[in-house]
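What follows is a set of notes on a single structure, which appears directly below.
Nothing in this text is a laboratory measurement; each read-out follows from the coordinates by a stated rule. Keep in mind that what you see is a predicted model, and the values were worked out from it rather than measured. Cβ: placed from backbone, ideal geometry, glycine included. Neighbour counts: every protein chain shown.
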Amino acid sequence: MEIKDKELIRYSYKGPGYGRKSFTIYLDVKVRGGKRSCKKIEDERLIAINKSFQIAAQTHEQCVVQVKEIIKDLYKKDPRCRKRINIHNEENWKVFEDYWEQVYSFRYLVNEYCAKNELKKAIETIGQLSIYSASREEIQSCLDKKYKGNSQRRMTARLTQLLKFCGRDNVKLRKQPKDITKVSYLNEGEFKKVLANVPSQIEQSLLRLCYYSGLRIGEAYALEPHHLLPNGTIRVTGQVDRKGVRRQTKTKKPRLAYIFPEGVEAFKYWTQASSKERSTIDRDESSRELMKKYCKIAFPKDSTKYLTFHALRHCYAINLLNKGISMSLVAQSLGNTLSVCQQYYVGFELTNDSIEAIHAIVGRK
């Protein structure tokens with residue numbers, strides 16, 4: 001919401017999960033074209049909610065309802081945000097709840113929280129406008145004002161789903177062009193420098209496996225020795241989430257992933273390791289901080305090399321592209337669509353490896 005001093009004011013919350021043990025409310029203040037600040041809100045009611053949740057006196061859902069009431073009260077008391085009271089149309093909210101119950105509750109979801117949160121954000125985007133009667137121009141204006149680039153594309157897709165559910169198939173919303181995302185990566189020499197700082201052999205095997213195969217961490221945890229095929233590929237049949245539950249792959253279909261010869265020994269060590277050895281790796285840390293921790297040791301003054309674990313997939317993809325492999329084959333091995341790979345890798349800088357690959361293809365010495 002824009003106010004006189006051109007600030008955007010927003011209260012939000014984060015619940016327990018992914019390393020967090022309690023509910024936290026944040027005040028996010030963004031000055032247009034300038035700085036942004038985010039601070040935690042101290043509130044006695046929130047402290048009481050967290051205590052009741054930690055002793056299991058209240059469920060997660062009950063706590064969420066109470067946290068939202070606190071946020072609503074904060075908007076009422078904040079003079080900058082008086083216009084934001086009752087910003088959500090109850091009729092729209094009913095559409096969201098019906099859609100979730102009738103459609104999404106029957107779907108296989110890797111992360112139910114994220115899926116539900118995206119739909120909520122989409123319905124909240126149009127505020128007091130009615131999803132049944134608002135014009136295409138009004139809905140499009142709300143989308144374009146609040147979101148840009150790939151975020152706008154995601155919210156447009158979710159709102160389109162909700163509009164179709166309401167019988168408004170004729171409302172055609174416009175997606176903004178895709179952003180070309182610049183990715184950070186490590187070449188093989190840099191990766192080996194990082195590995196030199198990893199003391200644990202089980203951690204080394206996990207990092208090497210994902211660097212040379214492009215697997216997601218959940219897919220690596222689901223591997224078994226027989227998944228390595230004689231033709232130099234891995235048969236990816238599923239993934240294991242953070243709770244240890246085995247699920248389907250992200251695309252719900254098995255696939256083959258090419259593994260570089262340098263990663264085969266790591267595959268064998270990882271798949272033959274006992275559950276006790278694997279348990280020495282903190283799964284939450286491995287998803288968020290494991291790779292970054294060792295990158296900081298290897299490159300203390302170069303923050304562009306501080307990669308997340310997921311960035312190992314980018315390293316793998318770029319290694320393949322450098323060797324002259326087509327984008328479509330890279331996408332197949334990663335289990336991504338071609339459009340997703342184009343978002344990350346189109347316009348990737350030509351390197352010495354890729355030039356040599358071109359020479360080999362055209363027969364030039």
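Odds and ends about this structure:
- In the chain, helical runs assigned H by DSSP with n ≥ 4 each contribute -39500 (n - 2.57); averaged across all residues and rounded to the nearest 500, the mean residue ellipticity at 222 nm is -14500 deg cm²/dmol.
- Amide H contacts for Tyr258 (H built 1.01 Å from N in the peptide plane; partners 5 or more residues away or on another chain; cut-off under 5 Å): Ile234.
- Here the contact order of segment 164-255, divided by its residue count and restricted to Cα pairs under 8 Å and six or more residues apart, works out to 15 percent.
- Distant alpha-carbon pairs in segment 141-223 (separation over 21 angstrom), percent: 57 percent
- Overall form of segment 188-362 per C-alpha gyration tensor (a/c, 1.5; a/b vs b/c): oblate
- Under conditions of 10 °C and 1.306 mPa s, segment 298-344 yields 136 µm² s⁻¹ as its translational diffusion coefficient, taking Rh as the Kirkwood radius over Cα pairs in the Stokes-Einstein equation.
- The HN-Hα couplings worked out from phi for segment 98-103 by the Karplus form 6.51 cos²θ - 1.76 cosθ + 1.60 (θ = phi - 60°) are 5, 5, 5, 5, 8, 10 Hz, whole numbers, x standing for Gly and Pro.
- The phi torsions of segment 214-224, fed into the Karplus equation with coefficients 6.51, -1.76 and 1.60 and a -60° offset, translate into couplings of x, 6, 6, 4, x, 5, 5, 5, 8, 6, 10 Hz, rounded to whole numbers, with Gly and Pro shown as x.
- Shape summary: segment 88-179 maps onto an equivalent ellipsoid whose semi-axes, from the alpha-carbon gyration tensor, are 19, 17, 12 Å in decreasing order.
- Relative contact order of the chain: 12 percent, from C-alpha pairs under 8 Å at least 6 residues apart in sequence.
- Taking only the alpha carbons of the chain, we obtain Rg and Dmax values of 23.9, 73 Å in that order.
- Rounded to the nearest Hz, the phi-derived 3J(HN,Hα) couplings of segment 112-121 under the Karplus curve 6.51 cos²θ - 1.76 cosθ + 1.60 (θ = phi - 60°) are 4, 4, 5, 4, 5, 5, 5, 5, 4, 4, where x marks glycine and proline.
- Members of Lys116/Lys252; Lys268/Lys305; Lys250/Lys276; Lys35/Lys68; Lys116/Lys243; Lys193/Lys323 lying beyond 24 Å, as alpha-carbon distances in this model show: Lys268/Lys305; Lys250/Lys276; Lys35/Lys68
- Fewest-first ranking of Ser135, Ser286, using other Cβ atoms within 10 Å as the exposure measure: Ser135, Ser286
- Cut-off under 5 Å, modelled amide H: who pairs with Arg247 long-range: Gln239, Val240, Asp241
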